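J.: Got a structure for you, questions after.
Just so it is clear, none of the values below were taken in a lab; they were calculated from the coordinates. This is a predicted model, so every value here is computed, not measured. Using ideal geometry, Cβ is built from the backbone for each residue, glycine included, and neighbour counts are taken over all protein chains shown.
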Amino acid sequence: MASEPASEPSPAGNKPMMNIDSRYPLIDKSIRNGQFGDIRPNMIYRYGYPFQRKIEGKHYWLVPVRYFAAAPSASIYTQSRIVAEAYACINHDRVEFWIPKYSQRFGL
């Protein structure tokens with residue numbers, strides 16, 4: 001009887017896991033602690049699937065996070081919302097920093 005080969009551990013630690021509510025508690029905690037501007041967990045539109053990337057020599061799990069943000073408006077009396085996206089950069093079960101989706105520095 002053949003057994004399944006053991007998977008190699010990731011240099012970025014454990015893959016972030018989504019809970020039963022389709023949320024990443026680790027990311028929500030980071031947002032509540034103010035690590036990513038003034039957004040709140042209730043502004044999250046959707047989470048993407050984690051993938052690995054090496055940034056400045058260090059391995060990370062990146063989780064795409066889509067959220068509602070205020071859009072610039074021509075009038076001070078109206079405010080529209082847009083869907084923006086950023087990546088939560090996770091290393092060993094800790095969100096270390098966030099990258100806006102269209103960051104030229106990291107090529108995302």
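J.: For the pair residue 52/residue 15, report the inter-label distance in nm, with labels modelled 7 Å from Cα in the Cβ direction.
T.: Taking the simple label geometry, residue 52 and residue 15 are separated by 1.0 nm.
J.: Round to the nearest 0.05 the FRET efficiency obtained for residue 68 and residue 97 when R0 = 25 Å and r is the Cβ-Cβ distance. Don't skip to the end; give the middle numbers.
T.: Values: r = 21 Å, r/R0 = 0.85.
Efficiency at R0 = 25 Å is approximately 0.70.
J.: Arranged by the count of other C-beta atoms within 10 angstrom, fewest first, what order do 83, 95 take?
T.: So the ranking, lowest neighbour count to highest, is 83, 95.
J.: Among 24, 47, rank each residue by its count of other Cβ atoms within 10 Å, from fewest to most, as a rough exposure measure.
T.: Listed from fewest to most nearby Cβ atoms, that is 47, 24.
J.: Taking the number of other C-beta atoms within 10 Å as the exposure measure, put 46, 66 in order starting with the fewest.
T.: 46, 66
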